[in-house]
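Below you'll find the structure, written out as structure tokens, and then a few comments.
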2 protein chains.
Amino acid sequence: MSLDLTGDLVTLFRAVVDIESVSGGETRLADEVDTALRAFPHLRVIRDGDTVIASTHLGRAERVVIAGHLDTVPLAANLPSRQEGDLIYGRGTADMKGGVAVALACAAELGEPNRDVTWIFYDHEEVAAEENSLTRVSREHPEWLAGDFAVLMEPTGAKVEGGCQGTLRFTVTTTGVAAHSARAWLGHNAIHDAGELLTRLAGYEPRTVEVEGLTYREGMNAVAISGGIAGNVIPDACTLTVNFRFAPDRDEAEALAHCRELFEGHELTFIDFALGARPGLDRPIAQEFLTAVGGRARAKYGWTDVARFSALGVPAVNFGPADPGKAHADDECCPVADLHTCRDALLRWLR
Amino acid sequence: MSLDLTGDLVTLFRAVVDIESVSGGETRLADEVDTALRAFPHLRVIRDGDTVIASTHLGRAERVVIAGHLDTVPLAANLPSRQEGDLIYGRGTADMKGGVAVALACAAELGEPNRDVTWIFYDHEEVAAEENSLTRVSREHPEWLAGDFAVLMEPTGAKVEGGCQGTLRFTVTTTGVAAHSARAWLGHNAIHDAGELLTRLAGYEPRTVEVEGLTYREGMNAVAISGGIAGNVIPDACTLTVNFRFAPDRDEAEALAHCRELFEGHELTFIDFALGARPGLDRPIAQEFLTAVGGRARAKYGWTDVARFSALGVPAVNFGPADPGKAHADDECCPVADLHTCRDALLRWLR
């Protein structure tokens with residue numbers, strides 16, 4: 001069985017979904033994608049691990065990058081796919097094999113696109129950032145990702161979502177003195193001290209800010225708390241983990257300083273950091289894209305790989321089939337109409 | 001090798017310490033204690049599981065119960081015992097094989113005590129209350145524990161500690177609404193809500209109260225907190241575990257009501273409860289004991305098995321060799337002098 005890129009789009013979509021490709025197990029799907037794309041002489045195909053990159057080289061004035069990841073989160077007894085009315089259910093239907101199927105169909109169909117196109121199908125997106133193959137490719141072959149504009153086909157309900165917010169996490173620990181709880185006055189309770197930190201968080205007023213015409217809402221939230229040694233011991237430590245989601249107008253220094261200011265008097269340990277991405281919607285190529293797909297852009301709140309393109313100087317937007325709220329859900333699904341909407345929009349823009 | 005109850009007290013103590021008896025593994029020590037006590041015709045010996053009870057039946061006007069547990073917490077590479085100057089180190093030296101050795105020596109020596117005596121050596125004290133053999137004995141044979149006064153030979157530094165405080169634990173959970181942390185406004189953060197509970201605890205003023213001449217200091221403390229689903233999810237629950245240590249003038253209803261009042265507006269789930277014990281020092285037999293041991297009593301803060309005797313109507317005090325602060329410690333130890341002090345006091349009282 002091989003993938004038929006020029007036949008019925010829904011059939012292609014279900015074939016892609018039914019090739020199981022949980023992160024780390026993408027090889028079979030990558031092989032199928034590789035083989036299918038090599039059948040088209042207008043595409044030059046590179047295989048790097050389980051990442052497949054197909055590109056046109058027509059000497060156009062501009063180059064567009066269109067990307068989607070091949071992997072999914074683990075199954076929830078939700079394969080093979082099944083159709084109910086206008087919805088197709090199954091692991092990966094929302095995140096993001098609809099985008100993959102649309103990109104494959106367009107890559108095959110657009111023999112002479114009006115802009116050169118680089119189609120990227122990559123692996124290990126649903127796991128740690130260091131394993132994400134785009135991390136490796138952007139380090140070893142940044143030229144493969146080069147372009148004037150990028151479209152990441154993550155699920156957006158077939159709307160354009162511009163840029164993305166940044167995210168960082170840190171821990172803050174209160175310390176006390178352990179003692180038997182029957183003699184509490186010999187110790188100092190670190191959990192009690194954490195109350196004051198939580199009060200600061202509860203009273204925090206997150207900023208709402210416009211960046212290049214899109215509205216971003218920030219958020220500063222405790223995502224974990226833990227403390228306690230035993231049921232009869234005054235706890236000597238309590239650790240709070242906080243996640244700050246910040247608009248793309250903040251750079252790293254500013255984002256860290258903002259957290260430190262909120263928790264003045266405490267030491268913060270930053271555990272991860274990912275810069276946001278400006279939507280880049282002020283550029284003509286982005287405006288042309290918006291006109292072609294016939295919509296208005298809204299802000300993307302979750303962090304996505306658009307930030308990688310942004311960091312390489314390539315403005316990027318999210319645009320793909322399916323409701324992002326269904327990503328990773330047991331009842332993950334994609335409306336058939338979204339597949340057609342996205343394909344038609346890309347063809348309109350690039351033909 | 002058998003235990004020599006009439007020889008050197010320190011030799012007996014080290015022999016008892018060197019028979020490893022972590023909770024659940026008391027059989028060998030119980031066998032040795034059983035065998036050694038049966039050699040004395042003035043004692044009637046009962047064996048029940050790994051509990052050994054030896055008693056005199058001389059028709060005296062009063063009966064005294066003297067008790068100690070045979071088990072220890074797990075080793076910390078601290079056996080066999082070793083002596084450094086006046087201190088003997090090893091697992092169980094403080095909690096509470098000093099008390100056991102003193103009781104064994106006195107049981108052997110007091111062939112004609114001035115009060116009838118019940119010597120109790122029991123198992124499974126360092127584990128859940130339901131496993132403690134005194135729980136079984138007090139349910140199935142409460143008559144074996146009957147008496148006019150009880151001395152529990154837990155470590156007190158050879159001072160008399162009267163009664164004990166009660167202890168209870170409960171959890172209180174704040175609930176929120178889970179959401180992706182990039183869209184925090186769609187959820188409600190349960191960890192942030194816990195701040196207000198911690199503020200109540202931090203501001204709590206524990207009571208200091210006199211009960212029958214002894215001063216007790218209460219305490220209300222968080223001993224654990226946990227919350228959080230994942231680093232990118234607004235937590236929908238945060239659970240706080242609180243330990244209330246209360247003076248023996250509060251009964252169960254009053255202790256629970258006090259906790260409910262502090263956390264008014266929240267539902268509390270009580271997970272364990274142990275009533276305190278009044279010191280009973282207003283009784284003549286207790287006063288005679290104090291005079292004989294030549295000291296003043298102070299309050300016991302930690303919960304001990306004296307509460308079981310108190311619940312059976314037997315006033316009870318704690319009195320045994322070693323610093324209670326060394327109980328369970330890796331450098332657990334007992335001063336040799338404490339062994340002699342406690343033995344001499346018991347002999348003075350009962351001879």
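Numbers at a glance
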item: Hits in the stretch B:237-283 - residues which are of a type in the set (Lys, Arg), open to solvent by less than 40 Å² (accessible area, probe 1.4 Å) and closer than 21 Å to A:His192 by Cβ; result: B:Arg245
item: Subset tally (residues that are facing another protein chain (nearest Cβ under 7 Å), surrounded by fewer than 21 Cβ atoms within 10 Å (Cβ to Cβ), in a strand (DSSP E or B) and not charged (D, E, K, R)) for the stretch A:195-233; result: 2
item: Pairs with Cβ under 8 Å, 6+ apart, first in the stretch B:322-351 and closer than 8 Å to B:Ala94 by Cβ, second open to solvent by less than 10 Å² (accessible area, probe 1.4 Å) and polar (S, T, N, Q); result: B:Ala322/B:Thr93; B:Pro324/B:Thr156; B:Lys326/B:Thr93; B:Glu332/B:Thr93; B:Cys333/B:Thr93; B:Cys334/B:Thr93
item: Where A:Arg139 falls short, out of the listed (1) over 29 Å from A:Val45 (Cα atoms); (2) open to solvent by 60 Å² or more (accessible area, probe 1.4 Å); result: (1)
item: Subset of the stretch B:289-309 that is among the charged types (D, E, K, R) and within 16 Å of B:Gly213 (Cβ to Cβ) - its residue that is farthest from the other protein chains (Cβ to nearest Cβ); result: B:Arg296
item: Any hit, the stretch B:25-43, residues being under 24 Å from the mean Cα position of the chain (by Cα) and over 19 Å from B:Tyr122 (Cβ atoms); result: no
item: Filtered residues of the stretch B:1-38 (kept if touching a helix residue (DSSP H, G or I) at 6+ places or on another chain (Cβ under 8 Å), of a type in the set (Gly, Ala, Ser) and either outside any helix (DSSP H, G or I) or without any contact (Cβ under 8 Å) to a residue 12 or more places away in the chain (or both)); result: B:Ser2, B:Ser21
item: Residues of the stretch A:101-131 classified as in contact with a His (Cβ under 6 Å, 6 or more places away or on another chain) and at pLDDT 95 or above, total; result: 2
item: Selection within the stretch B:48-78 - over 22 Å from B:Val314 (Cα atoms) and in contact with an Asp or Glu (Cβ under 6 Å, 6 or more places away or on another chain); result: B:Asp50, B:Asp71, B:Val73, B:Ala76
item: Strands (runs of 3 or more DSSP E) (entirely within the stretch A:63-176) containing at least 1 residues that are under 26 Å from A:Glu212 (Cβ atoms); result: A:63-69, A:116-122, A:149-152, A:160-162, A:166-175
item: Every pair of residues 6+ apart whose Cβ atoms lie under 6 Å, when the first sits in the stretch B:286-302 and is free of Cβ contacts under 8 Å to residues at least 60 places away in the same chain while the second is open to solvent by 70 Å² or more (accessible area, probe 1.4 Å); result: B:Ala292/B:Arg348
item: A:Gly213 vs. criteria of a type outside the set (A, V, I, L, M) and either within 27 Å of A:Ala179 (Cα to Cα) or under 19 Å from the mean Cα position of the chain (by Cα) (or both); result: no
item: Count of residues meeting criterion [facing chain A (nearest Cβ under 10 Å) and of a type in the set (Gly, Ala, Ser)] in the stretch B:235-256; result: 0
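Residue by residue, here is whether (1) open to solvent by 20 Å² or more (accessible area, probe 1.4 Å); (2) touching a residue at least 60 places away in the same chain (Cβ under 8 Å); (3) farther than 28 Å from B:Ile271 by Cα; (4) at the interface with chain A (Cβ under 10 Å from one of its Cβ atoms) holds:
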{"residue": "B:Ala150", "(1), (2), (3), (4)": "no, yes, yes, no"}
{"residue": "B:Gly163", "(1), (2), (3), (4)": "no, yes, no, no"}
{"residue": "B:Thr171", "(1), (2), (3), (4)": "yes, yes, no, no"}
{"residue": "B:Ala178", "(1), (2), (3), (4)": "yes, no, no, no"}
{"residue": "B:Ser181", "(1), (2), (3), (4)": "no, no, yes, yes"}
{"residue": "B:Asn189", "(1), (2), (3), (4)": "no, no, no, yes"}
{"residue": "B:Asp193", "(1), (2), (3), (4)": "yes, no, no, yes"}
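The values are calculated or read from the model by the stated rules, or taken from the named source; none is laboratory data. Every value quoted in this text rests on a predicted model; they were computed, and no experiment measured them. Ideal geometry is used to build each Cβ from the backbone, glycine not excepted, and the neighbour counts take in all protein chains shown. Surface areas here come from the heavy atoms of the whole protein model, side chains and all, with no ligands, DNA or RNA. Shrake-Rupley method; radii C 1.70, N 1.55, O 1.52, S 1.80 Å.
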